[in-house]
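The next block holds one structure in the form of structure tokens; read it before the comments.
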Amino acid sequence: MLKSKARWILRETKEITDYIDLPVSSITKKLLYQRGLKDTETARKFLNPTLKDLHDPFLFEDMEKAVTRIKHAIETGEKILVFGDYDADGVTATSILMHTLTDLGAHVDFYIPNRFTEGYGPNQEAFYHAQKQGFSLIITVDTGIAAISEAELAGQLGMDLIITDHHEAQEDIPKAHAIIHPKLSSQYPFSELAGAGVAFKLAHALYGTLPEHLLEYVAIGTVADLVPLMDENRILVYHGLNSLTHSEKPGIKALKQVCGLKEDINEVHIGFAIGPRINAVGRLQDASLAVELLLENDEALALEMAKQVQELNQERQQIVTEITSEAKQMIKQMGYLDDYVIVLAKEGWNTGVLGIVASKLVQEYNRPALVLGIDSDLEEAKGSARSIDAFDMFENCMQIKDVFINFGGHAQAAGMTVAAENIDRLRTSINRLAREKLTAEDFKPVLYPEFEIELDDLDFDTIDEINKLAPFGMGNPKPIFQINRLQSDEIRQIGANSNHLKIHFRNEEKQLDAVGFGMGDLYPRISPHAAISAVGELEINEWNGHKKMQIMLKDLKVDEWQLFDYRGIKHLSRQLEGLEEDDICTVVFQSVPDEFSWIHDHFPVVKPETINDPSLDLIHQTDGLVLLDLPDTLDELAEMIKLMQPNRIFACFQTGEQNYFSRLPQREHFKWLYAYLLKKKQAVIPDDLYSLKQIKGWTTDWIEFMIKVFLELEFVTIKNGVLSITPNPSKRDLTEAKVYQQKLQQIEVEKTLFYSSYKELREWFDQQMKVVRKAKEEKVYGL
């Protein structure tokens, strides 16, 4: 048995393939249905996103009003300020409006608040500054819906405010000249646009035609902000990725160059390369550099700015590494490993990266994490929280909201400010709530396979078809599938440090490669004969003109106990390497051979009679057994197996010189030896034994064994080294001799445990553990 590292929860699936009348596989139809695409027309539009299906921007409430005011400002030469945000969505939204308004001849500039000195969103000081600079119209992008007092101040200062945002609105709505917000526009068909998407809709309305030249920006902002990639977002990202691939914008080209991106751009490139670099600027300094890069028209200048962005990202990575290391050290030193929610705070931690650190701690410890940076001057701590599926961070923090100075977020992520003196109170309160609600199972990561598939269901066309559901993201996750009880014909470690795993699955007709990055440690824990269940993403691997089906592993498991057949292997240490931390013990029936003395340094070594010792608790704490030598009887081993029911058995039996099975004298051998002794009357030991070896070619072991049988049956006697025939001995069968019976048992032990096939040995252990084999497993092993 090998337990999965995550819980596998299958998404609910019904047989719904008849509702979608398209020439696609049943697997693709199920995937479409699970994404809410339950009829032919919506499924067709999803598979073939077209810009014609974008909604009319004037369906937004206040869009007409906003466009009229902006055009009037352009015509009259008013100064317009685009007020953005410092993340990738805010940066790209700012760039969209800057491009648009500049194209339309506006007198325009942009402003992005500093994360550290101003915080998120519009602030009064910035508005005062804008008024002094002569701006009469402010347009917010990706922010502003919570700026109640700032909107009021703008009116007092004689500035009109147009808010474009997508964040959750509070009870009170700012009094602005116009608000463009998908969740506040009842006539607009789609409510999940990102900030960049809302800015793009305003740009569309201002141009009067679709601004396809801005699709690169909206794709970056939409993917980076983790909004659902459905409906308009899917259309915008689908076409935006193509625009990113072929972009001629100097800023985009330079950014791709420092990212090392030469191939067609996909959503993964945005999520793990482009987006993080844009975000890095605002995490460490003023985010204006990121906007200036995207707007730059000179290729040389753009490349210089992109290199600055790259340096900032590398600095950000280093800071994250250092803080994460400090955090792990703190968890260990402060004894927080058993906390249900990890709460850490330290002076000097960069608050701009603490969300990333919190995410890494959640991945490492599988529990919620709050990470705070302490400002000793303000006597406050500011930071971020990330959570697990089973613990709603927003809901639980709202139950203790009096602990916070400021708090906001959602189920899986949040930001907060707390008085430094209340950090311990926060830790105690949030852990109390977690202990009331979470179980041990909740701390296990969760994977959501779409459904179970068979290897026979797969082919290249089906996998190609599945990939047509891209771009993947929130609302349209890249499908992962569960494949059960696959038989492998090769398992090996790959990579320079052997830290990755590769498995080759096959059945009678099809083959599938499996690659598990970072799973190399599982190699010694999977028997070559195990029936493996796996969860992962399906791909086609093309190399040198050859195509192979491949599953990129997320997790795997073996449901049955495993037998590792290492019988007769001399370099046993190589096979058991990497298992030192597992709950494994070595059982020795006789003694540890000298050549295996190293085993003491790897695992506890015990005798069978100590298994029941309550002080050792071997029955409950042992997951695997290393069997190094053969028992005297099968019953001895059988009783131990029945008692311990191990999940893994490492059969490492060595026979050495004690090869009973191949050296058992037959009845005719005993008959010949007795006749020989009867004729000689007496035999001198060991001289006559040497003669026997010469005459018959028998081994000393054989001759000594037969003499021991004769002695026990009183057929012969030995006195002063002379062996004599007993006159008129009683008639007795060879099997009456205990020494003969012992040898028969030893033969049976060796035959069953050492000379048997893997299948036969597995069956024998199954019988001891009373395991009922499933029909499919019988097929796997050919039983």
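In the stretch 187-216, the residues that are farther than 14 Å from Leu54 by Cα and assigned to a helix (DSSP H, G or I) form Cβ pairs under 6 Å with partners that are at pLDDT below 95 and open to solvent by 10 Å² or more (accessible area, probe 1.4 Å), at six or more places apart or across chains, as follows: Gly195/His166. Each residue in the stretch 333-352 was checked for being over 20 Å from Leu438 (Cα atoms) and assigned to a loop (DSSP other than H, G, I, E, B), and 3 pass. Out of Ser359, Ser429, Ser384, Ser376, one residue alone is under 22 Å from Lys328 (Cα atoms), out of contact with any Phe, Trp or Tyr (no Cβ under 8 Å at 6 or more places or on another chain) and either free of Cβ contacts under 8 Å to residues at least 24 places away in the same chain or open to solvent by 30 Å² or more (accessible area, probe 1.4 Å) (or both). It is Ser359.
Taken over the stretch 340-354, the criterion of being open to solvent by less than 10 Å² (accessible area, probe 1.4 Å) and within 24 Å of the chain's Cα centre (by Cα) is satisfied by Val341, Ile342, Val343, Val353, Leu354. Among residues of the stretch 342-354 that are small (Gly, Ala, Ser), those with a Cβ under 6 angstrom from a residue that is open to solvent by less than 20 Å² (accessible area, probe 1.4 Å), sequence gap 6+ or separate chain, pair up as Ala345/Leu372; Ala345/Ala381; Ala345/Ile423. Kindly list, by first and then second residue, each pair from a residue in the stretch 640-657 that is over 18 Å from Trp561 (Cβ atoms) to a residue that is at pLDDT below 90 and among the basic types (Lys, Arg), limited to pairs with Cβ atoms under 9 Å and residues at least 6 apart or on different chains. Final answer for the pair search is Gln654/Lys570.
Against the numbered list (1) in a strand (DSSP E or B); (2) under 30 Å from Tyr238 (Cα atoms); (3) open to solvent by 10 Å² or more (accessible area, probe 1.4 Å), Ile491 comes up short only at (2). Looking for something of a type in the set (Gly, Ala, Ser) and within 21 Å of the chain's Cα centre (by Cα) - is there at least one such residue anywhere in the stretch 328-339? Taking every residue of the stretch 328-339 in turn, none turns out to be of a type in the set (Gly, Ala, Ser) and within 21 Å of the chain's Cα centre (by Cα).
Of all residues in the stretch 443-486, those being polar (S, T, N, Q) and within 19 Å of Leu236 (Cβ to Cβ) number 1.
For Ala194, the conditions (1) of a type outside the set (Ser, Thr, Tyr); (2) under 39 Å from the mean Cα position of the chain (by Cα); (3) over 21 Å from Ala413 (Cβ atoms); (4) surrounded by 15 or more Cβ atoms within 10 Å (Cβ to Cβ) are fulfilled apart from (3).
Condition check for Gln487 on (1) within 30 Å of Ala390 (Cα to Cα); (2) touching a helix residue (DSSP H, G or I) at 6+ places or on another chain (Cβ under 6 Å); (3) touching a residue at least 60 places away in the same chain (Cβ under 8 Å): one failure, at (1).
Restricting attention to the stretch 75-82, does a residue exist that is touching a Ser or Thr at 6+ places or on another chain (Cβ under 7 Å), open to solvent by less than 30 Å² (accessible area, probe 1.4 Å) and free of Cβ contacts under 8 Å to residues at least 60 places away in the same chain? Yes, that holds for at least one residue.
Just to be sure, is Thr102 open to solvent by less than 50 Å² (accessible area, probe 1.4 Å) and of a type in the set (Val, Ile, Thr)? No, not satisfied. Would you be able to say whether some residue in the stretch 455-465 is open to solvent by 40 Å² or more (accessible area, probe 1.4 Å) and either within 30 Å of Arg367 (Cα to Cα) or without any contact (Cβ under 8 Å) to a residue 40 or more places away in the chain (or both)? Among the residues of the stretch 455-465, not one is open to solvent by 40 Å² or more (accessible area, probe 1.4 Å) and either within 30 Å of Arg367 (Cα to Cα) or without any contact (Cβ under 8 Å) to a residue 40 or more places away in the chain (or both), which makes the answer no.
Here's the yes/no breakdown for (1) part of a helix (DSSP H, G or I); (2) open to solvent by less than 50 Å² (accessible area, probe 1.4 Å); (3) under 24 Å from Pro477 (Cβ atoms):
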residue: Asp513; (1), (2), (3): no, yes, yes
residue: Tyr523; (1), (2), (3): yes, no, no
residue: Pro528; (1), (2), (3): no, no, no
residue: Ile532; (1), (2), (3): no, yes, yes
residue: Val535; (1), (2), (3): no, yes, yes
residue: Glu539; (1), (2), (3): no, no, yes
residue: Met549; (1), (2), (3): no, yes, yes
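For the stretch 109-151, filtered to residues that are surrounded by fewer than 23 Cβ atoms within 10 Å (Cβ to Cβ) and of a type in the set (A, V, I, L, M), the residue that is modelled with the lowest pLDDT is Ala146.
Does Arg485 fit the bill of being among the charged types (D, E, K, R), on the phi > 0 side of the Ramachandran plot and surrounded by 16 or more Cβ atoms within 10 Å (Cβ to Cβ)? The answer is yes for Arg485.
Picking from residues in the stretch 16-66 that are among the hydroxyl-bearing types (Ser, Thr, Tyr) and farther than 28 Å from Phe200 by Cβ, the one that is least open to solvent (accessible area, probe 1.4 Å) is Thr28.
Answer with yes or no whether Lys731 is over 30 Å from Asp623 (Cα atoms), part of a loop (DSSP other than H, G, I, E, B) and either open to solvent by 80 Å² or more (accessible area, probe 1.4 Å) or polar (S, T, N, Q) (or both). Taking the combined requirement at face value, the residue satisfies it. May I ask you to list the residues in the stretch 126-177 that are closer than 20 Å to Thr94 by Cα, among the charged types (D, E, K, R) and not in a strand (DSSP E or B)? Within the stretch 126-177, Asp142, Glu150, Asp165, Glu168 meet the criteria.
Of the residues examined, Lys256 is one that is assigned to a helix (DSSP H, G or I) and among the charged types (D, E, K, R). Screening Asp377 against (1) modelled with pLDDT under 95; (2) not in a loop (DSSP other than H, G, I, E, B) leaves a single unmet condition, (2). Against the list (1) open to solvent by 50 Å² or more (accessible area, probe 1.4 Å); (2) modelled with pLDDT under 90; (3) among the aromatic types (Phe, Trp, Tyr); (4) closer than 27 Å to Ser527 by Cβ, the condition Tyr755 fails is (2).
Select from the stretch 392-426 the residues that are acidic (Asp, Glu) and over 28 Å from Asp225 (Cα atoms) and write down the one among them that is most open to solvent (accessible area, probe 1.4 Å). For the stretch 392-426, the residue satisfying everything is Glu421. Would it be correct to say that Glu168 is free of Cβ contacts under 8 Å to residues at least 12 places away in the same chain, over 16 Å from Gly221 (Cα atoms) and not hydrophobic (A, V, I, L, M, F, W, C)? Here the answer is no, as Glu168 does not meet what is asked.
Taken over the stretch 239-252, the criterion of being in contact with a helix residue (DSSP H, G or I) (Cβ under 7 Å, 6 or more places away or on another chain) and assigned to a helix (DSSP H, G or I) is satisfied by His239, Gly240, Leu241, Ser243, Leu244, Pro250, Gly251, Ile252.
Residue pairs whose Cβ atoms lie under 6 Å apart, sitting 6 or more positions apart in sequence or on different chains, and linking a residue in the stretch 680-691 that is free of Cβ contacts under 8 Å to residues at least 40 places away in the same chain to a partner that is assigned to a helix (DSSP H, G or I), are Leu689/Ile703.
The set of residues in the stretch 494-505 that are in contact with a helix residue (DSSP H, G or I) (Cβ under 6 Å, 6 or more places away or on another chain) and either open to solvent by less than 30 Å² (accessible area, probe 1.4 Å) or closer than 21 Å to Lys548 by Cβ (or both) comprises His500, Leu501.
The values are calculated or read from the model by the stated rules, or taken from the named source; none is laboratory data. Remember, predicted model here, so these are calculated numbers, not experimental data. Methodologically, a virtual Cβ is constructed for each residue, glycine included, from the backbone with ideal geometry; neighbour enumeration extends over all protein chains shown. Ligands, DNA and RNA are excluded from the accessible area calculation, which covers all protein heavy atoms including side chains. Shrake-Rupley method; radii C 1.70, N 1.55, O 1.52, S 1.80 Å.
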